[in-house]
Amino acid sequence: MIHTLVLAALVQTTPGFPDLAPGTRYDPAIPTLEQVVGHDPRAEITPPADVLRYMEALAAAAPDRTRLVRYATSWEGRPLVALVIGSRQRIANLDAVKADLQRLSDPRGLSDGEVGALMGRVPVVTALMHGVHGNEISSSGAAMAEAYHLLAAQGDPDVDLVFQESLVIIDPVENPDGRNRFVMQNRMARSRWPEPERASAEHDEPWPGGRVNHYLFDLNRDLFIQSQPETAGKVDLFLDFRPHIVADLHEMGGDASYFFPPTAEPTNPWYSDAQVALMDVFGAANARVFDRRGFAYFNRDVYDLFYPGYVDGWPTAHGALGMTYEQASARALTYLKSDGTVLTYGDGVVHHFTAAITTAVTAARNRDLVLRTYVDYRRAGIADGRAGPAEYVLHSAHDPAMAERLARLLVENGIEVREASGPVRVDGRTLPARGTYVVPLDQPASRLARNLLDAHVQMDTAFVRRQVERRARRERDQIYDLTAWSQSLLWDVEAILSQRATGAAGALVTEVRPEPASTVLPAASVAYLIPWGTAGAAAVTEALREGIRVRATTRPFDLGDRAYTPGTAVVRVAENDDDLRTTLGAIAARHGAEVVPIDDSYVRTGTSLGSGSVRALREPKVLLVYDSPGSTYSVGWARFVLERRYGQRTTAVRADALGRVRLADYDVLIFPSGNYSGMVGTGLVSRLEDWMRDGGTLITMANSSVWATRAGLLDAVTERRGGRATGDDPDDPGTPEQPIDYLDAIVPGDESPESVAGGILRAILDTTHWLASGTDGEIGVLVEGNRVFRPLTLDVGTNVGRYGGADDLVLSGVVWDEAVPQLANKAFLMHQPWGRGQIVAFAEDPNYRAYTEAASLLFMNAVLLGPGR
């Protein structure tokens, strides 16, 4: 009976989608999806190639009202496009319209009259974004219906208003690689009839699922780091068109209904009250339409607006209003809900279409209010800097290239950054121009700059207090994502707030480093030195890949008038080809690495460059354990950092195939976070031990370090709550005295440690150890979860990194009071020798979201400097 009802629901479709927008007449000159691809948008989950084909068909059918923009190409080569829809006049003069939008986005130097004139002629720009998670499928079906409706509807006053007052950008597939993966797997598992059983194969995605992109990233957490091409292109699109309203359409669990803002608490404090109030305008408009059509919905619950790396949070930090819309997901064509009703894919398409069109109409109807809210926010950002603090000064003495990369990242986010024009006097210090950058805060994007650079973004205290009460009752807290993301802390770049302008703000920094006039290095008779750091490590990785012979120091030394730290790379002229100046120079230029030519290697202080402590490096053969039970994100982050960030060739081997691998063929084995107990048996553990004894380097992180401890590969101790070692029996409490204390009596006797909701903790590093090469001895590390490792004892290994003491442990974010004493001085980075090899274990994931740059350098130190040690 269920199958019959479902099929009936799926086939009740006619060209023009009358039940999507009841009563609407459509222009037959505009093709329907069925005419182009062969199915109605509610009847089938359209693959990304067919979505693109339909968008191209719409653009061809209405060239005077559309512009199809290809803004990026995915890792797997799929185009990402946005269909810009507007009136004939605006599309004909689109470049001029965009120029006006850019001018309005930076009102510095504009009078009130000039701002008013701009607001009088620019359209409100509404961006409708779909499918950032590839397995959240109905939004792309809605996107095609939205585009058709706007272009084909006739005599519809709402559509006429949209064309009169606005420009609409429809991005139909934000994650084409993930969507393609989902569609392929879903069709492979599909039954003859749509199957609503939630445990059926078509609802059960195999690892890694369609949510993520090629490198297994959550693209809805990547906006400000822009590590993935899909995100970098999206941000360029946003900065090009400067949308004022951004709606990002998602899916959630199938038993839910529909979510649209207002959002749940907390809200990022750098967003304005006017933006928050504007959410209610759109929420009320959607509620009226949903109520009229009988669609259930909720708001002010679950989904917050705190993290600025969301597709909705990033534009909000620029003054727009970003909103997330969530539809209950069928995750196939049909889904049997727990209440016995059947949710269809088509239901999701209809609901998303309704919310998106309502949003576009509401933006048009409230054009003046939306534009005024946007301009006021941008002007307030300028005023903030004029009132003080006036500037951020970015500086890194130990890794100037890191400061440069952070400066360019800010520019990629639409933030103005300037080179230091000379020595910078700030905070009682004088900083050299090299490795120093100035971020003026009297700019429209100053609040995004503060969001990304401030050590701490305050979460609402009343909200935090309620979470403390919930945790006391052993209820889950309501924190949706991270509570800390300071890029200055995670990159280990000083960010110094100056109350007054330093006077050292020089030329504007560009997104891309200018090409030098020549990349050929000066002649050196002895060697070239490459100080170790993020750029140096990347340059050495490429040099090894290209066959250049490189050595690395393990101890500090002074040469000439300069001190060099452990890890400094030594490239001897006599050991390399005659074209070394050209090849190494080009490599160094690509990565921004410093190269120092030397004609004299006589060291008077420190290790001699010809001693045994200067080790020959080789390109390591790296195996990354892939697939379940590894964490999808952790696997992807590690692979991305290896292959894309540092250019390290890597072999990915599925975990269930690891037993077939000849371990001796590899120098480094990496286990991303995950519990491998059911996959790696005692026989393979024994092989790993033998492989390490023969010189192999095993790297574990987060939950795989817990697994390594339980498997006997890492001689560490994990703790339960209260500091008791995992595996110890709780002390027998005996017979309690009477009367008992009720609150004490209901506390469980054996619990995991307090979990940290994504905070940044201080990690202190042993700079005499090679694993800490390229650091200044202290970094911020992102901690998420409840793993606690006791420090290794001296007879076992070295605690290369440990957390700070209780008084200075927390650098940023919300960390519960009970967690602080248990984490204080515990191990973060452990090194344990095994014969001629070793295990390197991180308590947390060093590659988190590809923006924990300082910790990722420690990870690459293990990869590059560990083999053969």
Residues of region 348-381 classified as among the hydrophobic types (A, V, I, L, M, F, W, C), open to solvent by 10 Å² or more (accessible area, probe 1.4 Å) and more than 23 Å from Q327 (Cβ to Cβ), total: 2
Residue match in region 32-46 (condition: touching a Pro at 6+ places or on another chain (Cβ under 8 Å), in contact (Cβ under 8 Å) with a residue 60 or more places away in the chain and open to solvent by 40 Å² or more (accessible area, probe 1.4 Å)): no
Residues that are free of Cβ contacts under 8 Å to residues at least 60 places away in the same chain, outside any loop (DSSP other than H, G, I, E, B) and under 23 Å from the mean Cα position of the chain (by Cα), drawn from region 754-813: R762, V810
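Each row is one residue, and each column tells you yes or no for (1) closer than 30 Å to R429 by Cα; (2) touching a helix residue (DSSP H, G or I) at 6+ places or on another chain (Cβ under 9 Å); (3) aliphatic (A, V, I, L, M); (4) surrounded by 15 or more Cβ atoms within 10 Å (Cβ to Cβ).
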residue: L497; (1), (2), (3), (4): yes, yes, yes, yes
residue: A523; (1), (2), (3), (4): no, yes, yes, no
residue: L529; (1), (2), (3), (4): yes, no, yes, yes
residue: W532; (1), (2), (3), (4): yes, yes, no, yes
Hits in region 469-495 - residues which are open to solvent by less than 70 Å² (accessible area, probe 1.4 Å) and not in a loop (DSSP other than H, G, I, E, B): R470, R471, Q487, S488, L489, L490, W491, A495
Tally, over region 658-689, of residues that are in a helix (DSSP H, G or I), open to solvent by 60 Å² or more (accessible area, probe 1.4 Å) and touching a residue at least 24 places away in the same chain (Cβ under 8 Å): 3
Where a residue in region 490-502 is touching a residue at least 12 places away in the same chain (Cβ under 8 Å) and among the polar types (S, T, N, Q) and its partner, wherever it lies, is part of a strand (DSSP E or B) and surrounded by fewer than 21 Cβ atoms within 10 Å (Cβ to Cβ), with Cβ under 7 Å and at least six apart: T502/R425
Region 202-260, subset β-branched (V, I, T) and assigned to a helix (DSSP H, G or I), residue nearest to R645 (Cα to Cα): T231
Evaluation of G813 against (1) out of contact with any helix residue (DSSP H, G or I) (no Cβ under 8 Å at 6 or more places or on another chain); (2) under 30 Å from W691 (Cα atoms) (one fails), failing number: (2)
Residue list for region 128-172, filter: over 17 Å from T32 (Cβ atoms), over 35 Å from the mean Cα position of the chain (by Cα) and outside any helix (DSSP H, G or I): G155
Residue check for R103: modelled with pLDDT of 95 or more, open to solvent by 10 Å² or more (accessible area, probe 1.4 Å) and within 23 Å of D312 (Cα to Cα): yes
Qualifying position, being of a type outside the set (K, R) and in contact (Cβ under 8 Å) with a residue 24 or more places away in the chain, among G422, G428: G422
Residue among D795, D808, D776 that is at pLDDT 95 or above, surrounded by fewer than 19 Cβ atoms within 10 Å (Cβ to Cβ) and touching a His at 6+ places or on another chain (Cβ under 9 Å): D776
Test: residue in region 320-340 that is touching a residue at least 60 places away in the same chain (Cβ under 8 Å), more than 30 Å from G592 (Cβ to Cβ), among the hydroxyl-bearing types (S, T, Y) and part of a helix (DSSP H, G or I): no
Single match in E643, E575 (criterion: of a type in the set (D, E) and under 34 Å from the mean Cα position of the chain (by Cα)): E643
Sole exception among (1) open to solvent by less than 10 Å² (accessible area, probe 1.4 Å); (2) within 19 Å of N847 (Cα to Cα); (3) touching a helix residue (DSSP H, G or I) at 6+ places or on another chain (Cβ under 8 Å) for G696, by number: (2)
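The values are calculated or read from the model by the stated rules, or taken from the named source; none is laboratory data. Everything quoted here is computed from the prediction, not taken from an experiment. Counting neighbours? That spans all protein chains shown, and the Cβs are built from the backbone with ideal geometry, glycine included. Only protein heavy atoms, including side chains, enter the accessible area calculation; ligands, DNA and RNA are left aside. Shrake-Rupley method; radii C 1.70, N 1.55, O 1.52, S 1.80 Å.
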